[in-house]
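The values are calculated or read from the model by the stated rules, or taken from the named source; none is laboratory data. Quantities reported herein were computed from a predicted structural model and do not represent experimental measurements. All Cβ positions, glycine included, derive from the backbone under ideal geometry; neighbour counts span all protein chains shown. Note: areas computed on protein heavy atoms with side chains; ligands, DNA, RNA excluded. Shrake-Rupley method; radii C 1.70, N 1.55, O 1.52, S 1.80 Å.
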Amino acid sequence: MNRDASERHYVFASRVATLFTLVLSVVVTIFMDQISKVWELLLTLGAGTGLVYILRWYWWRVNAWSEVSAMGAALVTSLGLRLAGSRIPALDPARPEGFALTLIATTVVTTAVWLAVTFATRPERKETLEAFYRKVRPAGGGWRPIAESTGIMPPQGEI
């Protein structure tokens, strides 16, 4: 990561990332023979990530690394379980039980990973959290320490 690069550098990096995403998409579509399989893949890739995206608004401690780790863990776990499903009948995603087990396992692993990363990494800087709180005023008890430091208390009884 180069934080002091020029705009030209960032535009080039985004083009490379877009090209990589395009190539990866083409490779994945070659192996997809049914649209239902695409939906199953999208569901398993998203398994376990929803909670961290929601908690981001209710708990000050969740940071960008929490979200990135959740996405990475969901990707690795779901693809690993899909590959294992070709050898282990209980994990076969073609069977409803195997698909459900894959979703549950992916959710459990993903949640464990992002929680570990959340506590292993530093939270956002206090100034950043306070500026966010002043602008957005997220509700919920998870923002109480930040609310108290700004002197702006959240509305009672609201989420």
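Applying the criterion of being without any contact (Cβ under 8 Å) to a residue 12 or more places away in the chain and over 23 Å from the mean Cα position of the chain (by Cα) to the residues of the range 123-141, the residue that is surrounded by the most Cβ atoms within 10 Å (Cβ to Cβ) is 131. Taken as a whole, the condition of being buried (at least 17 other Cβ atoms within 10 Å of the Cβ), modelled with pLDDT of 85 or more and over 17 Å from the mean Cα position of the chain (by Cα) does not apply to residue 19. Answer with yes or no whether residue 25 is assigned to a helix (DSSP H, G or I) and more than 16 Å from residue 114 (Cα to Cα). Considered against the rule, which asks whether it is assigned to a helix (DSSP H, G or I) and more than 16 Å from residue 114 (Cα to Cα), residue 25 comes out as yes. Selection of first residues in the range 64-82 that are touching a residue at least 60 places away in the same chain (Cβ under 8 Å) and of second residues that are surrounded by fewer than 17 Cβ atoms within 10 Å (Cβ to Cβ) and outside any helix (DSSP H, G or I), restricted to Cβ pairs under 6 Å at least 6 apart or on distinct chains, gives an empty result.
Pairs meeting the criteria (first residue in the range 39-62 and aromatic (Phe, Trp, Tyr), second residue open to solvent by 50 Å² or more (accessible area, probe 1.4 Å) and part of a helix (DSSP H, G or I), beta carbons under 9 Å, at least 6 apart or on different chains) are 57/136; 60/132; 60/144; 60/145.
Of the set (1) open to solvent by less than 50 Å² (accessible area, probe 1.4 Å); (2) under 19 Å from the mean Cα position of the chain (by Cα); (3) among the aromatic types (Phe, Trp, Tyr), all apply to residue 57 but (1). In the set 69, 78, 86, only one residue is in contact with a Phe, Trp or Tyr (Cβ under 6 Å, 6 or more places away or on another chain) and either surrounded by fewer than 19 Cβ atoms within 10 Å (Cβ to Cβ) or among the hydroxyl-bearing types (Ser, Thr, Tyr) (or both); that residue is 69.
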